[in-house]
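The values are calculated or read from the model by the stated rules, or taken from the named source; none is laboratory data. Small disclaimer: the values here were computed from a predicted structure and weren't measured. A quick note on method: Cβ atoms are made from the backbone with ideal geometry, for glycine too, and the neighbour counts reach across all protein chains shown. What goes into the accessible areas is simple: the full protein's heavy atoms, side chains included, and nothing from ligands, DNA or RNA. Shrake-Rupley method; radii C 1.70, N 1.55, O 1.52, S 1.80 Å.
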Amino acid sequence: MMSVTKSYMERINRLKQRVLDTEPEVDMENAIIVTRAFQETEGQPHYLQKAYSVYKTLLEKSIPIWDDELIVGNSGSKQRGGLVCPDDCWAFLDREIDTINTRRYDPFHLKEEDKKLFLEIVKPYWKGRSINDKWNAQIPDDVAALRDCGVLYIDRKCVRGWGELTVDYAMILNEGVTGIEKRIHDAMSKLDITAPGDYKKITYLRALLYITEGLRQLGKRYSAKAAAMAKAEADPRRKQELLQIAKVCDHVPEHPARTFHEAIQSMFFLHTCVYMEHESASYNPGCFDQYMYPFYKADIEAGRITEEQAQELLDCLWVKFSEPCLFQDATTARYSAGYPLFQNLCVGGVDENGMDAVNDLSYLVLQATMDVRMFQPSLSVKYNLAHNPDRFLRKVVELIQLGTGFPAFHSDEAGILMMLNKGVPLPEAYGWNPCGCVETSLAGKQRCYTSYADYNLGAIVEFALNDGKSRKYDRYVAARTGDPRTFQTYEQFLEAIKTQIRYVLKRMVAGNQVTTEIVRDMECPVASLTFKECTENASDYAWGGPKYSMGDGLDAIGVADLINSILSVKELVYEQKAVTMDELCKALDADFDGYEAIQQLCRNTTKYGNDDEVANALARDIFNFIADYIESFRHIYGRYTAGILPVSGNTPFGMEVGALPTGRHAWMPLADGLSPEQGTDTNGMSAVIKSVANIPHGRFSQGTLLNQKLDPIFARGENSVQSLMSFLKSMCAMGVFHVQFNVVDEEELRDAQAHPEDHSGLLIRVAGYTAYFTELGPETQGDIISRTSQTSI
C-alpha cells in the first residue's frame with residue numbers, strides 16, 4: 001500500500017483543509033449572467049437562449065485559481081458554492097431567503113449584496129417562467145395530496161436540473177472541442193432549411209456551436225490567467241506549476257488530450273460545465289479507470305510521468321470534486337442531507353468484450369480515496385466475480401476498513417443484468433456505470449431519471465389499516481380499502497396492501513407524465529454534446545435524443561417496514577389470533593401507549609433479515625408484484641423502471657408515518673434501503689445477505705441499496721480481510737447488486753453529536769452517499785447510530 005507520508009500529501013492536506021474550513025455559500029454570479037443572457041435573446045427559441053446563456057457564462061464567469069492547485073476549474077465563483085439556476089427554480093430561495101443561513105439541513109451563507117441582486121434582478125425576470133413554476137401550476141391534485149402528506153417525494157426534479165446522467169468523457173478527451181465541432185458540422189451539412197423540421201435542427205446545431213466555442217474560450221481564459229499569475233509569482237516551484245497549467249489549458253479542451261494531466265484537466269472542464277448549466281446531483285464521472293488509462297499508460301511508458309506524480313494529480317482532482325455543494329431547498333435537503341453531489345466515479349468491471357477491465361490506474365483511483373478522504377467523488381467499485389482479480393478485491397477491502405464509507409460495492413454481473421432488463425444489448429451493457437446513489441447508467445447513451453421520485457411503503461401499511469387515511473394529517477388521501485376490522489382473512493388484508501400500492505404508484509406515474517412534458521424545456525446542450533445521437537439527430541437530451549431513452553425510475557423506501565408489518569398482521573391476527581384487528585388498530589392509533597404488551601408481541605414476530613423462509617418468500621412475492629405493476633406502465637420512451645434507494649429519505653418519510661405493526665413508534669425513521677429494520681437482524685451478515693438475495697434485483701433495474709455497519713474491532717481484526725473478501729464474493733454469487741459499509745465506533749458517533757467541532761472530518765455512509773457526519777441533521781445522525789453493528793459474518 002502506498003504510504004500517505006509521501007511528499008505530495010503536504011499539498012493535498014493544504015488543499016483539503018482549505019475546503020473543510022470554507023463555509024458553504026450561495027453563489028449568485030451564474031444566476032445574474034444567465035438572467036441577462038435570456039433577456040438579450042428574447043424571441044429566440046428556448047434551446048438557443050439556454051445555449052447562449054452557457055456561452056455567456058463561460059466568457060464572463062470568475063475563473064479562480066487557488067494556491068497549490070494543479071487541476072483548475074470551478075462551476076461558479078465560490079470554493080464551496082451553491083449555484084442558483086433560475087431557469088430551473090428560483091422560488092425556493094425566495095421562500096427561504098431569510099432562513100437559508102440558519103436552516104437545520106444544509107444551510108448556506110447568503111450575503112446581503114447577493115440577496116439584493118436576487119430580489120432586484122433574478123426574481124422579477126424568472127417569476128412564472130421557470131421549470132418549477134410550471135410544475136407547481138400543473139401538478140395533479142391527487143398527486144399533490146400524496147406529496148403533502150408525505151407519501152410521495154416527487155418535487156425534486158422540478159427544483160433543480162437533470163442530474164442522473166453520465167456524459168461520454170472519452171469523446172472530449174479523444175476528439176477535443178474541434179472534433180465535436182466537426183460532428184456538428186457534418187450533421188448540419190445533411191440538413192436543408194426548406195425541408196420540414198430541419199429549421200429547428202439547424203438552429204439547435206448552431207446552439208451547440210455556442211457551447212463548443214464557450215468551452216474553447218474557458219480553456220484559453222484559464223491559460224491566460226495562469227500565465228499572468230506565473231509572471232507575478234516569486235516562488236520558482238509555484239511559477240513552474242502555473243506555467244504548466246497555462247500550457248495544459250491552452251491545449252484542452254480545444255484539442256484532444258495528449259497527456260494524463262491534459263486528460264484530467266479536459267475531463268474536469270467538461271464536468272464543471274455540465275454541472276453549471278443545470279445544477280443538480282448525480283453528474284457521474286463514470287468508468288474513470290477505463291477512459292483515462294490510455295493516457296496514463298502512454299505517459300508512464302514514455303517516461304513523461306511517474307506513478308507518484310500521477311497519484312498527486314488524481315488526489316488534486318479528488319479535492320476539486322469536493323468543492324461544490326448541492327444547492328437544494330430545505331425539503332429536499334431533509335431527504336439527502338450533507339450537500340451530496342453524488343458524483344459517482346467507478347473502477348473495475350469488464351471491457352467491451354466482457355473481459356477483465358481492472359488496470360494499474362484502478363489501483364491509483366482507490367489510493368486517491370484512501371489519501372484524500374473527502375466526501376466526493378462518490379467512489380464505486382464494479383466487481384466481476386468471474387474476471388476481476390483477488391488483488392483488486394483485497395485493495396477494495398483495505399479501503400473499506402478505513403471507515404470512510406467508500407467504496408460502494410457493486411456486483412458487475414447484477415448491474416449488467418439490470419441494463420439488459422432496460423433493453424440495452426449485452427455488448428453495451430458491459431459498459432454500464434453506477435450513477436448517483438446506486439443507479440445504473442450508460443455513458444453518452446442513456447436518458448432517463450434514474451430516481452424520479454420516492455414512495456413511502458410505511459404509509460402504504462398505514463393506509464391499508466386506516467382506510468386510506470393519513471394519521472398525521474387526518475386526511476383521506478389514498479384508496480378507500482375499507483375498515484380492516486372487516487377483513488376476515490389474511491388474503492383480504494394483503495389485497496388491501498396491494499390496492500394501496502397500485503393507487504400510489506399510479507398517481508406517481510401520473511405526476512411523471514406531467515413532469516416529462518415540462519422538462520422538455522430543460523434543454524442541456526453541454527451534456528448533449530457528447531451524446532453522439534443527440535448531435536447526429538439534432539435532438540437534445542431533454543427531447544429524448546440519446547440512443548437509449550427509457551422510462552423513469554420509481555423508488556421504494558421502507559422495504560423492511562412493509563415486509564415486517566405484513567408478517568406481524570399475518571402472525572398475530574390471522575395465524576396465532578393473539579390480538580384482534582380491532583385491538584391492533586387501537587394500539588396503533590395510540591402509538592402503543594397503554595398497549596405495551598401488544599407492542600412487545602409485534603416486536604417478537606418474524607423479521608426480515610434473518611434468512612427466515614417465510615419472510616424471504618413474502619419479500620420475493622411482494623417485490624415481484626411491485627416490479628410487475630411498475631413495468632406495466634408506459635412512458636413516452638418505454639416502460640417505467642423500479643429502484644430501491646432511499647438516500648436519507650427513510651428519516652423524513654418516517655416522520656410522516658404513525659405507529660406500525662412491527663412495533664415501531666410513530667414518526668420514527670423507516671428502515672433504509674434493503675436493510676433490515678434497525679436492531680432486528682440478529683443472525684449476522686450472512687443471514688442479511690441471504691434475505692436480501694430474495695429481492696428480484698435484476699427487475700429493480702435502477703439499483704438496490706444495502707447498508708451494513710461493521711464493528712471496527714471485527715472489521716480490522718485478524719483474518720478480517722479474507723473474511724470480507726469471501727463475504728463480497730458470496731454476495732455477488734447470490735445476485736445481490738450492492739452493499740456499502742460503515743466501519744465506525746458508536747461511541748465516536750455519539751461524541752461527534754455532542755462535540756461536532758472535534759469531528760469535522762468524520763465521514764459516514766448515509767445511504768448511497770458519503771457525508772460529513774456533523775453536517776447531517778440530528779434525525780439522520782440518530783438513524784445511523786441505531787443501525788445494527790455487525791460483529792460477525
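Relative contact order of region 393-520: what whole-number percent is it, with Cα pairs under 8 angstrom and at least 6 residues apart?
On the way: 95 pairs, mean separation 16.7, N = 128.
With pairs under 8 Å counted, the relative contact order is 13 percent.
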Report task. Quick one: compute the contact order of the chain, relative version, from alpha carbon pairs under 8 angstrom and 6+ residues apart, as a percent. Result -> 15 percent
Query raised in the report: So, with a 1.4 angstrom probe, what is the percent of accessible area on region 665-783 that is carbon and sulfur?
Result: 49 percent
Query raised in the report: Under the Karplus relation 6.51 cos²θ - 1.76 cosθ + 1.60, θ = phi - 60°, what is the ordered set of whole-Hz ³J(HN,Hα) values for region 345-356, x standing for Gly and Pro?
Result: 10, 10, 9, x, x, 10, 8, 5, 9, x, 10, 3
Query raised in the report: Between residue 578 and residue 746, how many nm apart are label points set 7 Å from Cα along the C-beta direction?
Result: 2.4 nm
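What's the extension gain from residue 502 to residue 734 if we count 0.36 nm per residue and subtract their Cα-Cα distance?
Details: separation 232, 0.36 × 232 = 83.52 nm, distance 2.95 nm.
Stretched out fully, the residue 502 to residue 734 stretch lengthens by 80.6 nm.
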Query raised in the report: Which value in Å does the Kirkwood hydrodynamic radius of region 171-293 take, with 1/r averaged over all unlike C-alpha pairs and then inverted?
Result: 16.2 Å
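Probe of 1.4 angstrom, ligands and nucleic acids ignored: what's the accessible area per residue over region 350-484, in square angstrom? Spell out each step's value before the answer.
Values: 3420 Å² over 135 residues.
Per residue, region 350-484 has 25 Å² of solvent-accessible surface.
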Requested in this report: Mind grabbing the base-10 log of I(q)/I(0) for region 91-225 at q = 0.16, 0.22 Å⁻¹? Debye formula, identical points on the C-alpha positions, no solvent, two decimal places.
Outcome: -1.11, -1.23
**Report entry** Segment residue 725-residue 467, length gained on full extension (0.36 nm per residue, minus Cα span)
**Finding:** 88.1 nm
Requested in this report: Nearest 5 is fine: what % of DSSP beta bridges in the chain come out antiparallel, could you say?
Outcome: 30 percent
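Contact order normalised by length for region 344-435, with contacts defined as Cα pairs under 8 Å and 6 or more residues apart; what percent is it? The partial results should precede the final answer.
Numbers: 128 pairs, mean separation 33.8, N = 92.
Dividing the mean separation by the residue count of region 344-435 yields 37 percent.
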Query raised in the report: So which of 182/547; 78/297; 498/547; 127/320; 157/690; 225/320 end up more than 24 Å apart by C-alpha?
Result: 78/297; 498/547; 127/320; 157/690
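Within region 18-49, which GluC sites (Glu not before Pro) sit in a loop by DSSP and count at most 12 neighbouring Cβ atoms inside 10 Å?
Values: sites: 25, 29, 40, 42; in loops: 42.
Of the GluC sites (Glu not before Pro), the ones in loops of region 18-49 whose Cβ has at most 12 other Cβ atoms within 10 Å are 42.
So what is the accessible area of region 83-197 per residue, in Å², with the probe set to 1.4 Å? It would help to have the intermediate numbers written out before the result.
Working: 4720 Å² over 115 residues.
In whole numbers, region 83-197 has 41 Å² accessible per residue.
Across every pair of different alpha-carbon atoms, what Kirkwood hydrodynamic radius in Å does region 503-607 reach? All intermediate terms of the calculation are to be shown ahead of the outcome.
Numbers: mean 1/r = 0.0554 Å⁻¹.
Evaluated on region 503-607, it is 18.0 Å.
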Query - Amide H contacts of residue 475 (H built 1.01 Å from N, under 5 Å, at least 5 apart or other chain) - result: 470
Report task. Just the Kirkwood number for the chain, please: inverse of mean 1/r across all distinct Cα pairs, in Å, one decimal. Result -> 26.8 Å
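With runs of 4+ DSSP H residues as the only contributors, calculate the mean residue ellipticity of the chain at 222 nm using -39,500 (n - 2.57) per run, divided by the residue total and rounded to the nearest 500.
-14500 deg cm²/dmol
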Query - Amide H contacts under 5 Å for residue 433, placed H, 5+ residues apart - result: 441, 442, 443
Report task. Just name one of 515, 486, 531: the one whose Cα is farthest towards the positive end of the charge dipole of region 433-559 (beta-carbon charges, Lys/Arg +1, Asp/Glu -1). Result -> 486
Report task. Kindly write out, for region 501-506 in residue order, the coupling ³J(HN,Hα) from the Karplus curve 6.51 cos²θ - 1.76 cosθ + 1.60 (θ = phi - 60°), rounded to whole Hz, with x marking Gly and Pro. Result -> 4, 4, 4, 5, 5, 5
Query raised in the report: Say each of residue 754 and residue 194 gets a label point 7 Å from the Cα, pointing the same way as Cα to Cβ; how far apart are those two points in nm?
Result: 8.3 nm
Report summary line: Within region 464-479, the residues whose backbone N lies under 16 Å from a label point placed 7 Å from the Cα of residue 589 along the Cα-to-Cβ direction are 464-476
Report task. Mind grabbing the accessible area of residue 103 for me, 1.4 Å probe, Å², rounded to tens? Result -> 20 Å²
Requested in this report: Note the direction-averaged projected area, equal to a quarter of the hull surface, for the Cα convex hull of region 328-383, in nm².
Outcome: 5.1 nm²
Report summary line: Once phi for every residue in region 603-613 is put through the Karplus expression 6.51 cos²θ - 1.76 cosθ + 1.60 (θ = phi - 60°), the whole-Hz ³J(HN,Hα) values, with Gly and Pro written as x, are 5, 8, 6, 4, 10, 4, x, 10, 6, 8, 5
Query raised in the report: Separation between the residue 46 and residue 385 pseudo-spin-labels, each 7 Å from Cα along Cα→Cβ, expressed in nm?
Result: 4.7 nm
Report summary line: So the pair-distance distribution of region 589-652, from every Cα-Cα distance in 10 Å bins, comes to percents of 16, 24, 36, 17, 6, 0
Query raised in the report: How large is the dipole of the chain about the Cα centre if only Lys and Arg carry +1 and Asp and Glu carry -1, each at its Cβ, rounded to the nearest 20 debye?
Result: 1360 debye
